[in-house]
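Below is one structure; the comments refer to it alone.
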Amino acid sequence: MVDADRKPDLTDLVSEGSPTRFAIRTWLEDHRDELAQDILQWIAVPSVSDPSAAEPGAPYGKAVAEMFDVVRLAAEGLDLRWEDHGGHVVSVLWGAASEEIGIVTHVDVVPAGDGWTTPPFSPRYVAPYVIGRGACDNKGPAVGTLYLVRMLRDLGVSLQHRVRLMFGGAEEIGMPDLRAYLADGHPVPVRSIVADGMFPVNIAQKGMLTCLVRIPAGTDRFRSLKAGLVANAVPASATIQLNSGCPMPRPHDRLTVDGDATDALLTASGRPGHAAFPEGTLNAAAVLVEALLASTAWEERDESALRTLLALSSSPYGDGIGLALTDDLTGSLTANAGIVTGSADGIDVVLDVRYPASYRGDEITSRLTEWCATQGATVQDVRDSSPSVIDPDDAIVSLLSDTYAEISGRNDEPYSMGGGTHSRVLPHSVTFGPGAHDLGPSRPPAGIVSDSAGAHGPDEWLHMDDLLDALEIYAIALIRMDAHLSA
């Protein structure tokens, strides 16, 4: 164990073998299993944000409120002061200075969905892997920030800024948590790190647009059609109940048919994942629609509705719906048919679009509306969040990038992404880690998790080595930020 009374030498924060790096790494390794067990405890709370279940002091429902109770108890166990900001955000504070540096995470999660090897809220620790909903997005990093403060305090590090750890309760549903925090006039740190992305520094996030596409049909045959739980995840499964007179498709490896020609339940399986990172995913709605269209003929308007749904769900890049757009800064647009529901009148699709930073939301809406009109469909309930771009020459961006490069030995450039984080809401903030871009070596071996495991998918996992590496980077970056902002 490191001598908690001995202050490390802070004059050399980077070179291999320096007292500071040795002390930090030793402390992290000594607390590896304890950290993993705390992450399991946090994952066990099914903290899916649900504003429809709001109660006084709990705007996102009981589960998120229970998760905040866990955060508060953890802070008290470390003898750290905490603040509850109306049930939207909980802050944990270390230090007494008036100016603050923030570290932002969130403790809400997306719904579990289908395809899990084991129950999503009964997490597993198969060393070095933690597996469960929220393991990497974002409860593992959230617990890690408490350990970061605990470690620096144990090692006798003294900062000239107070550290404000901010735990959001509704990041996954559009970030009303930090919007409410800001609207209520709570403190804004002079600079903040959002620990909800990849390393190194994220300098651009695509625009985020969601909308409802209503597709009319000729009959009520799609009344039972269902796929997906949230707009920002690729559906893992899709189902429809077919009765007598409906065309009956043949089963295959991604389609099961339970029942007979008079009454059958069709279930299609896809490869789920995060809507913003659709590489390798397969929308279950597209699998189901292809099977339905491959069967016998449909009534004309029903077939048209199916083909419209297929166009919306088959490509994650807007191909075929007038949205195949790209730019040099943020790359290709993505479009995800995240929630599909049938009705007596047709099919409703909640579409999640992440569009390049050089476009505007009204341009995207206009293009989609124009295409939908050719299909007899309509676009409703549009919600848009403009792209977020920060100056790549910002001094903190350079400081964080240099720290990451020196500690990791990698020369990765600042990056853009389709994912949206709290840095697009909180002033003076930047998304920096804790994920690694090259996850191949870290991925659990076959048999531990499913093939489609990952954030927003089944068998979400976290490699403890990656988290400890991130906490080492954060520790040195935080000390450097404090010195830079105090100069």
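A few notes on this one:
- Of all residues making up region 316-357, the number that are of a type outside the set (Asp, Glu), closer than 27 Å to Ala291 by Cβ and surrounded by 19 or more Cβ atoms within 10 Å (Cβ to Cβ): 18
- Of the set (1) in contact (Cβ under 8 Å) with a residue 24 or more places away in the chain; (2) within 30 Å of Val163 (Cβ to Cβ), all apply to Leu225 but (2).
- Qualifying residue in region 198-221 (condition: modelled with pLDDT of 95 or more, among the β-branched types (Val, Ile, Thr), open to solvent by 50 Å² or more (accessible area, probe 1.4 Å) and touching a Pro at 6+ places or on another chain (Cβ under 9 Å)): no
- In region 169-196, the residues that are closer than 24 Å to Ile479 by Cα, outside any loop (DSSP other than H, G, I, E, B) and open to solvent by less than 10 Å² (accessible area, probe 1.4 Å): Ser192, Ile193, Val194
- Highlighted here are the strands (runs of 3 or more DSSP E) found entirely within region 90-146 that include at least 3 residues which are under 17 Å from His422 (Cα atoms), open to solvent by less than 10 Å² (accessible area, probe 1.4 Å) and in contact (Cβ under 8 Å) with a residue 40 or more places away in the chain: 100-106.
- Among the candidates Pro8, Pro46, residue that is at pLDDT below 95, farther than 21 Å from His422 by Cβ and not aromatic (Phe, Trp, Tyr): Pro8
- Cβ pairs under 7 Å, 6+ apart, first in region 191-204 and free of Cβ contacts under 8 Å to residues at least 24 places away in the same chain, second acidic (Asp, Glu) and not in a strand (DSSP E or B): none
- All positions within region 330-365 that are at pLDDT 95 or above and in a loop (DSSP other than H, G, I, E, B): Thr330, Leu333, Pro356, Ala357, Ser358, Tyr359, Arg360
- Breaking point among (1) farther than 28 Å from Thr431 by Cα; (2) within 22 Å of the chain's Cα centre (by Cα), for Met208: (1)
- Inter-residue pairs, beta-carbon under 7 Å, first at positive phi and in region 292-320, second hydrophobic (A, V, I, L, M, F, W, C) and at pLDDT 90 or above, 6+ apart: Gly318/Ala324; Gly318/Leu325; Gly318/Leu333; Gly318/Ala335; Gly320/Ala311
- Inspection of region 13-36 finds a residue satisfying the criterion of being under 21 Å from Ala195 (Cβ atoms), part of a loop (DSSP other than H, G, I, E, B) and modelled with pLDDT of 95 or more.
- Neighbours by Cβ (under 7 Å, 6+ apart or cross-chain): first from region 467-486, among the basic types (Lys, Arg); second open to solvent by 10 Å² or more (accessible area, probe 1.4 Å): Arg480/Leu13; Arg480/Leu399
- Some residue of region 148-164 being within 24 Å of Asp50 (Cα to Cα) and either surrounded by fewer than 24 Cβ atoms within 10 Å (Cβ to Cβ) or among the small types (Gly, Ala, Ser) (or both): no
- Residue within region 278-298 that is over 18 Å from Val350 (Cβ atoms), open to solvent by less than 30 Å² (accessible area, probe 1.4 Å) and in a loop (DSSP other than H, G, I, E, B) present: yes
- Among the residues making up region 442-474, a single one is among the aliphatic types (A, V, I, L, M) and more than 23 Å from the chain's Cα centre (by Cα): Ala446.
The values are calculated or read from the model by the stated rules, or taken from the named source; none is laboratory data. From a predicted model like this one, the values you see are computed outputs, not experimental measurements. Quick reminder, even Gly has a Cβ in these numbers, built from the backbone with ideal geometry, and neighbours come from all protein chains shown. We work out accessible area using only protein heavy atoms, side chains counted, and drop any ligands, DNA or RNA first. Shrake-Rupley method; radii C 1.70, N 1.55, O 1.52, S 1.80 Å.
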